[in-house]
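**Q** Before we start, here is the structure in question, set down as structure tokens.
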Amino acid sequence: MSAPANQPISASEQTTAARWGAVLFRNRGWLPVIFLLVPLVAPGHLSPRRWIIGGIIIAIGEAIRLAGVAAAGTVTRRRSRNVQRLVTYGIFSWVRNPLYVGNFLIWIGFAVISGVLWFIPVAAVLFAIEYTLIVRYEEGVLESIFGDEYLAYKRRTPRWFPRPPSVREEGEHHWGEAWRSEISTLLQYVVLVALFIVKDRYFYR
């Protein structure tokens, strides 16, 4: 659904949480790097079991991300407040924030692989706070732009924990575009894995 024009700023977008979320939203691309510096420098050892468990968590997270990008397209890469359409089909009919759910699982998966086990609950709390604030901002923006249409979607679709939709909505998925869009993200995973291997082999043996 395309965005209507001249929507007023919603009360939700003006809350303190949304204002903090706006700051985090504009910087969300590099913030995870700070969090991942901890498992990269703290003592921890890789193991086959951790590779398997972490790899499964990462694969689930990336599958959720990919489904979100395929449904929403390049709007998922936006840095501005300008939103052209409300996506409510595909994975977005199961959960309102599939990309953040996917990201959360991916970074927790890497924390598991790193072997810095004490950092896993710390990372979970940090990412939970970050994404909660960002989502408060995004929800305020969507409420400002789409009004009652978004509020109806918000009532029927959970924020974080996927649930089968009561009504199946059809929409177009662009899987080729999604894969191309994710190439840079997948390359980041490869670099991160390589850094973990170097750390394990040369620094904490």
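The values are calculated or read from the model by the stated rules, or taken from the named source; none is laboratory data. What you see is a predicted model; the values in this text were computed from it and never measured. Note: ideal-geometry Cβ built from the backbone for every residue, glycine included; neighbour counts use all protein chains shown. Protein only, heavy atoms only, side chains kept; ligands, DNA and RNA dropped before computing areas. Shrake-Rupley method; radii C 1.70, N 1.55, O 1.52, S 1.80 Å.
**Q** Considering only protein heavy atoms, what per residue accessible area in square angstrom results for the chain with a 1.4 angstrom probe? Spell out each step's value before the answer.
**A** Values: 11040 Å² over 205 residues.
Result: 54 Å² per residue.
**Q** I've got another one for you. How charged is the neighbourhood of Arg163? Take every other residue with its Cβ under 12 Å from the Cβ of Arg163, and add Lys/Arg as +1 and Asp/Glu as -1. Provide the component values of the computation, followed by the final result.
**A** Working: positive: Arg96, Arg156, Arg159; negative: none.
Summing Lys/Arg as +1 and Asp/Glu as -1 gives +3.
**Q** Go through segment 96-205 and name the GluC sites (Glu not before Pro) that are in a DSSP coil and have 11 or fewer other Cβ atoms within 10 Å of their Cβ.
**A** Values: sites: Glu130, Glu138, Glu139, Glu143, Glu149, Glu169, Glu170, Glu172, Glu177, Glu182; in loops: Glu169, Glu170, Glu172.
In loop regions of segment 96-205 (DSSP not H, G, I, E or B), the sparsely surrounded GluC sites (Glu not before Pro) are Glu170, Glu172.
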